[in-house]
Structures are given as C-alpha cells and as structure tokens.
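Asks: Handing you a structure now.
Here, each number is a calculation from the coordinates, and none is a lab measurement. Everything quoted here is computed from the prediction, not taken from an experiment. Cβ coordinates were reconstructed from backbone atoms using ideal geometry, including for glycine residues, and neighbour counts include every protein chain displayed.
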Amino acid sequence: MTIERIDPEHRMSEAVIHNDVVYYTSVPENLDEDAEAQTANALAVIDRILTRVGSDKSRILDATIFLVNKEDFAAMNRAWDAWVSPGNAPVRCTVHAGLMNPKYLVEIKVVAAR
C-alpha cells in the first residue's frame with residue numbers, strides 16, 4: 001500500500017492519503033475574524049482540499065475541533081451546523097486547547113474516505 005503525500009515539505013505535508021483514507025488539518029486563513037467566521041473559513045479550506053483529492057465533506061469519518069475559547073463553542077457550532085453534510089455527520093469531538101498561533105481561534109483535523 002502506498003502513502004500519497006500532498007504538497008510535502010520538510011516539516012509536514014498538506015494532506016496524507018493511505019488506503020484511500022485522507023488525513024488533513026485545517027487552520028483558518030482569516031485570522032482577524034471571530035470564531036464563527038474562522039470556523040466557516042477553516043471548513044471551506046477542508047472543502048477545497050477534499051475536492052482536490054477526490055473526496056468531499058459527506059465522506060468525513062472523524063473530526064476533531066480544537067477551540068481556544070470555551071465561550072466560542074456556540075459560534076463554532078453555528079458555522080459547523082451550516083456546513084456539515086445533512087445525514088452524513090462524522091464522529092466529532094471538540095477540545096479546549098491553546099494553539100501555537102495566537103490569532104487562531106480554531107483548528108480542525110479530519111479523517112475522510114476518498
């Protein structure tokens with residue numbers, strides 16, 4: 001079985017595919033926005049990478065959301081609920097975490113079938 005690395009660099013790859021399973025972590029690009037907007041942006045980035053590798057959000061198996069501020073849970077959920085594929089919700093957990101970039105309010109890790 002091969003391992004396909006998407007845009008590999010020295011430290012990390014954009015995504016990794018093994019056995020038709022996609023591993024990807026999304027961070028927002030709009031770092032001056034609030035948690036709801038950052039979440040929506042990070043989810044849009046997930047859409048882009050999944051499309052690029054031949055998958056989509058309906059094929060996400062597992063999602064882990066890292067949230068900096070507990071108070072942003074409802075805002076994050078608004079963006080998530082507007083985005084998630086109806087009838088295809090993955091397993092999901094949300095972790096209260098400090099992130100390395102102080103402007104990140106959210107980071108989302110997904111595992112998806114291709």
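Asks: Of all residues in region 31-61, which are acidic (Asp, Glu) and in contact with a strand residue (DSSP E or B) (Cβ under 7 Å, 6 or more places away or on another chain)?
Replies: Matches in region 31-61: none.
Asks: Read through the list (1) closer than 18 Å to residue 21 by Cβ; (2) touching a helix residue (DSSP H, G or I) at 6+ places or on another chain (Cβ under 6 Å); (3) surrounded by fewer than 14 Cβ atoms within 10 Å (Cβ to Cβ), then give the number of the only condition that residue 96 fails.
Replies: Here residue 96 meets the rest and fails (1).
Asks: So which residues in region 75-85 are among the aliphatic types (A, V, I, L, M) and either out of contact with any Asp or Glu (no Cβ under 9 Å at 6 or more places or on another chain) or on the phi > 0 side of the Ramachandran plot (or both)?
Replies: 82, 84
Asks: For region 3-29, which residues satisfy the criterion of being touching a helix residue (DSSP H, G or I) at 6+ places or on another chain (Cβ under 9 Å) and surrounded by 14 or more Cβ atoms within 10 Å (Cβ to Cβ)?
Replies: Within region 3-29, 6, 14, 15, 22, 24, 26, 27, 28 meet the criteria.
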